[in-house]
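Read through the structure below, which is laid out as structure tokens, and then see the notes.
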Ligand code: NDP
Ligand code: MG
């Protein structure tokens with residue numbers, strides 16, 4: 001029996017994870033679930049999965065949740081705060097942690113799981129983008145198993161040889177990683193046409209149903225930029241070895257090109273339960289609830305190059321990957337602030353790129369030696385981008 005903590009249980013990935021877990025009560029049990037503020041949804045999940053702990057973000061919410069749990073006779077204990085998230089991620093009873101909190105808030109609890117040597121199912125790409133060097137060093141030091149949930153990275157993981165990167169210099173003939181991108185809801189539109197798009201339009205992804213932050217990132221292609229940086233860390237490759245391929249059907253989730261001309265791809269219907277089930281059961285395979293792929297119904301697969309003029313975020317992220325140091329930390333923080341401002345209708349969609357670019361131009365890149373240094377550059381970038389947004393509003 002694998003004992004699992006699901007961080008971000010009430011989100012899109014959290015709900016899909018619990019759906020897969022519920023299909024295999026003989027294999028998986030839930031140790032803890034977490035949410036930020038959605039206590040009603042969390043209480044329902046506690047009733048169904050009966051975890052030892054449920055974690056929320058503050059004391060008042062924890063009291064309210066505890067009252068709800070008692071009223072329905074559920075024995076789960078409600079606790080709160082970052083220390084509680086770290087505790088349920090590192091407890092000796094836990095085997096696996098699904099890291100599915102959105103944004104930088106996921107970093108500290110995910111790192112706690114890494115330090116404790118847990119098996120990590122990583123959906124929270126921002127944690128890796130923000131602190132890649134420290135994160136991967138912690139994984140190496142603790143011997144924790146890191147499995148990618150992001151569909152593209154999970155696909156690449158599946159297409160790489162199982163001993164890839166394990167012995168020194170063993171590249172096994174891997175030449176290039178081809179990162180799939182759907183192109184998002186604004187594919188084919190010009191920069192000018194995107195000036196007036198609304199948050200709801202940005203969140204209406206053609207193929208995937210996701211949380212609002214990643215939906216906006218997918219629309220601006222910043223998601224692909226973050227994924228490029230994520231892939232550099234996960235697979236220890238330079239950004240030049242990664243090419244973004246726009247593939248509107250989202251059936252091929254990514255590909256690996258080899259020296260002999262072979263290209264291996266992973267295909268499947270666009271449903272996150274496939275990568276979640278893959279990582280949960282790895283190296284076994286389990287049923288995920290996802291419908292089997294019908295190639296005859298799909299009939300065709302299309303590919304195109306990304307429009308770099310219409311989607312400047314991709315080039316900005318690539319430049320940050322090239323710059324190294326804490327450039328990706330700054331990029332991620334400024335993007336989180338800008339996306340929230342766009343969702344709050346304080347700035348326009350195309351101003352997201354401007355905010356991120358301006359913040360990167362203003363903040364000198366340094367090599368963060370500690371988690372505190374990462375948090376300091378994250379903080380500075382948030383302060384600068386927030387002030388810049390206030391100026392844009394005037
Ligand atoms: P959602 O917004 O749907 O869910 C986010 C989860 O994190 C919720 O449980 C939310 O709680 C919790 N949360 C939000 N803010 C905080 C905070 N400050 N502290 C603690 N918990 C918090 O996001 P998604 O599920 O879409 O995405 C989660 C992560 O997975 C992201 O990093 C995303 O990039 C990545 N990912 C998602 C994919 C998808 O298909 N959705 C695909 C690939 C990667 P509450 O509900 O109470 O607000
Ligand atoms: Mg992805």
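Those residues that are surrounded by 15 or more Cβ atoms within 10 Å (Cβ to Cβ), assigned to a loop (DSSP other than H, G, I, E, B) and free of Cβ contacts under 8 Å to residues at least 60 places away in the same chain, I need them from segment 37-93; list them, please. Correct list: 38, 51, 52, 57, 74, 76. Taking (1) more than 25 Å from residue 274 (Cβ to Cβ); (2) more than 16 Å from ligand 1 (Cβ to nearest atom); (3) touching a strand residue (DSSP E or B) at 6+ places or on another chain (Cβ under 6 Å) in turn, residue 54 satisfies each apart from (2). Across segment 258-275, not a single residue is classified as touching a strand residue (DSSP E or B) at 6+ places or on another chain (Cβ under 6 Å) and surrounded by 24 or more Cβ atoms within 10 Å (Cβ to Cβ). Number of residues in segment 8-47 that are under 17 Å from residue 66 (Cβ atoms) and within 13 Å of ligand 1 (Cβ to nearest atom): the value is 16.
Looking only at residues that are surrounded by fewer than 19 Cβ atoms within 10 Å (Cβ to Cβ) and either assigned to a helix (DSSP H, G or I) or under 14 Å from the mean Cα position of the chain (by Cα) (or both) in segment 211-238, which one is farthest from ligand 2 (Cβ to nearest atom)?
Only one residue fits best here, namely 212.
The set of residues in segment 225-257 that are within 13 Å of ligand 1 (Cβ to nearest atom) and closer than 28 Å to residue 297 by Cα comprises 250, 253, 254.
Quick one: in segment 119-154, of everything that is more than 11 Å from ligand 1 (Cβ to nearest atom) and not in a helix (DSSP H, G or I), which residue is nearest to residue 103 (Cα to Cα)? Among residues in segment 119-154 that are more than 11 Å from ligand 1 (Cβ to nearest atom) and not in a helix (DSSP H, G or I), the one nearest to residue 103 (Cα to Cα) is 120. Here are some residues: 222, 272. Which one is within 26 Å of residue 24 (Cβ to Cβ) and within 13 Å of ligand 1 (Cβ to nearest atom)? Unique residue meeting the criteria: 272. The residues of segment 249-270 that are out of contact with any helix residue (DSSP H, G or I) (no Cβ under 8 Å at 6 or more places or on another chain) and free of Cβ contacts under 8 Å to residues at least 60 places away in the same chain, listed by number, are 261, 262, 267, 269.
Here, each number is a calculation from the coordinates, and none is a lab measurement. Note that the coordinates shown come from a computational prediction; the quantities given were computed from them, not determined experimentally. Counting neighbours? That spans all protein chains shown, and the Cβs are built from the backbone with ideal geometry, glycine included.
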